[in-house]
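Asker: Please find one structure pasted underneath; my questions will follow.
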Amino acid sequence: FDSGVRGGDSTLIDGHAVAEEFQQRHPEAFRTLSQIPATFQKDHMDRAHPIKMFYQRPHITTNYLDQVTAVYWSPPFEGPLRVKEEFVEPYYKAYNAFRAMLLSDEMWDKYGCVFRLAPGDLLVFNNRRMLHGRNAFTSEAGTRHLQGCYLDVDTYLNKYRVLADRYDPQAADACLAAPGESRFGTSSHR
């Protein structure tokens with residue numbers, strides 16, 4: 001943003017932390033959102049680089065110890081729910097409870113932050129852990145340019161493990177510990 005742009009602050013909240021609290025407070029709703037698949041879609045054929053993506057997955061994924069490993073929350077890209085009728089009501093009840101918790105002042109005070117990016121700033125985060133957005137903005141004479149770049153965590157972890165194996169084999173071994181011993185990558189870091 002330049003000085004002609006008003007608003008547009010970036011927002012980040014730790015989706016893992018909120019999901020873990022949701023699991024403690026609403027275990028049945030948590031189970032619903034970790035089992036019933038939501039539909040996500042991007043259908044933009046009118047772009048320079050057209051895209052047609054449709055997939056289903058639960059909003060929350062866990063490992064075999066029931067620890068949160070990813071949160072998929074992107075209301076603008078959600079499509080119609082495609083599940084058996086008996087799952088519709090429990091899904092939306094759980095969805096609305098999680099949404100309310102994500103938007104609550106309590107969670108934002110504990111796990112969120114709001115800040116303004118300046119020209120030249122770089123923001124790096126795990127897209128399966130941190131939920132992100134931007135507040136509304138207006139521009140009368142200003143310019144807003146945001147460039148996104150996505151890196152698959154497996155590509156990053158591969159590079160880390162190869163370099164660690166070469167220069168610090170003990171660090172490389174630590175990345176392979178069983179869940180519960182060490183949580184790395186898309187797992188919670190607390």
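The values are calculated or read from the model by the stated rules, or taken from the named source; none is laboratory data. These numbers were taken from a predicted model, which means no experiment stands behind them. Note: ideal-geometry Cβ built from the backbone for every residue, glycine included; neighbour counts use all protein chains shown. To get the accessible areas, we keep the full protein, side chains included, count just its heavy atoms, and leave off ligands, DNA and RNA. Shrake-Rupley method; radii C 1.70, N 1.55, O 1.52, S 1.80 Å.
Every residue, every condition in (1) of a type in the set (A, V, I, L, M); (2) open to solvent by less than 90 Å² (accessible area, probe 1.4 Å); (3) touching a strand residue (DSSP E or B) at 6+ places or on another chain (Cβ under 9 Å), yes or no:
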| position | (1), (2), (3) |
| --- | --- |
| LEU117 | yes, yes, yes |
| PHE125 | no, yes, yes |
| GLY133 | no, yes, yes |
| THR138 | no, yes, yes |
| GLY148 | no, yes, no |
| THR155 | no, yes, no |
| PRO169 | no, yes, no |
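Asker: Filter region 1-47 for residues that are without any contact (Cβ under 8 Å) to a residue 60 or more places away in the chain and within 26 Å of THR138 (Cβ to Cβ); which is surrounded by the fewest Cβ atoms within 10 Å (Cβ to Cβ)?
Answerer: So the residue we want is ASP46.
Asker: Here's a follow-up. In region 96-118, is there at least one residue being polar (S, T, N, Q), at pLDDT 85 or above and more than 24 Å from GLY4 (Cβ to Cβ)?
Answerer: Looking for residues that are polar (S, T, N, Q), at pLDDT 85 or above and more than 24 Å from GLY4 (Cβ to Cβ), one finds at least one in region 96-118, hence yes.
Asker: Same structure, new question: Do we have any residue at all in region 56-79 that's under 22 Å from HIS145 (Cα atoms) and either touching a helix residue (DSSP H, G or I) at 6+ places or on another chain (Cβ under 8 Å) or surrounded by 11 or more Cβ atoms within 10 Å (Cβ to Cβ) (or both)?
Answerer: Yes, the conditions are met somewhere in region 56-79.
Asker: While we're looking at this one, here's another question. If a residue counts only when it is not β-branched (Val, Ile, Thr), which strands (runs of 3 or more DSSP E) contained entirely in region 23-126 have at least 2 such residues?
Answerer: 38-44, 51-57, 112-115
Asker: Can you list residue pairs whose Cβ atoms sit under 9 Å apart, with the first residue in region 150-165 being on the phi < 0 side of the Ramachandran plot and the second being open to solvent by 80 Å² or more (accessible area, probe 1.4 Å) and assigned to a helix (DSSP H, G or I)? Count only pairs 6 or more apart in sequence or on different chains.
Answerer: Matching pairs, first to second residue: ALA164/GLN170; ALA164/ASP173; ASP165/ASP173.
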